[in-house]
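A short write-up of the structure that comes next.
The values are calculated or read from the model by the stated rules, or taken from the named source; none is laboratory data. Predicted, not measured: the structure shown is a model, and the values here were computed from it. Cβ sites come from the backbone with ideal geometry, for glycine too, and all protein chains shown count toward neighbours. Just the protein is used for accessible areas: all its heavy atoms, side chains included, with ligands, DNA and RNA removed. Shrake-Rupley method; radii C 1.70, N 1.55, O 1.52, S 1.80 Å.
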Amino acid sequence: MCRSIKTLRPPTTPEVTDEDIRAAALQYVRKVSGFRAPAAHNREVFDQAVDTVAAATQELLDGLQIRGSAARRHSHP
């Protein structure tokens, strides 16, 4: 049903895009919900869950401190 979610933190994945984060969030929501593609009546809540998980993932990655790294990967104003 869904492939494994890959590690997104450096140095395992040095360049992480918004698409990488969204794909991981989608895989997570698919796995948890049991739906690869939700029915129309579940689409809104499914999409909202993907957005929420993607935002939480970005926040996590932004907050991680990687030993031996002088600068954090993302700098958000």
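Looking for whichever is open to solvent by less than 40 Å² (accessible area, probe 1.4 Å) and part of a helix (DSSP H, G or I) here; the options are ASP51, ASP62, ASP47. Which one fits?
ASP62
Here is a list of conditions, (1) under 19 Å from GLN58 (Cβ atoms); (2) open to solvent by 90 Å² or more (accessible area, probe 1.4 Å); (3) small (Gly, Ala, Ser), and SER4 meets all of them except one; can you say which number that is?
Only one criterion in (1) under 19 Å from GLN58 (Cβ atoms); (2) open to solvent by 90 Å² or more (accessible area, probe 1.4 Å); (3) small (Gly, Ala, Ser) is unmet by SER4, namely (1).
Anything in region 7-36 that is open to solvent by less than 70 Å² (accessible area, probe 1.4 Å) and not β-branched (Val, Ile, Thr)? List them, or say none.
Those that are open to solvent by less than 70 Å² (accessible area, probe 1.4 Å) and not β-branched (Val, Ile, Thr): LEU8, PRO10, ASP20, ALA23, ALA24, ALA25, LEU26, GLN27, ARG30, SER33, GLY34.
Identify the residue in region 14-44 that is under 17 Å from the mean Cα position of the chain (by Cα) and of a type in the set (A, V, I, L, M) and, among all such residues, is modelled with the lowest pLDDT.
If we take residues in region 14-44 being under 17 Å from the mean Cα position of the chain (by Cα) and of a type in the set (A, V, I, L, M), then VAL16 is modelled with the lowest pLDDT.
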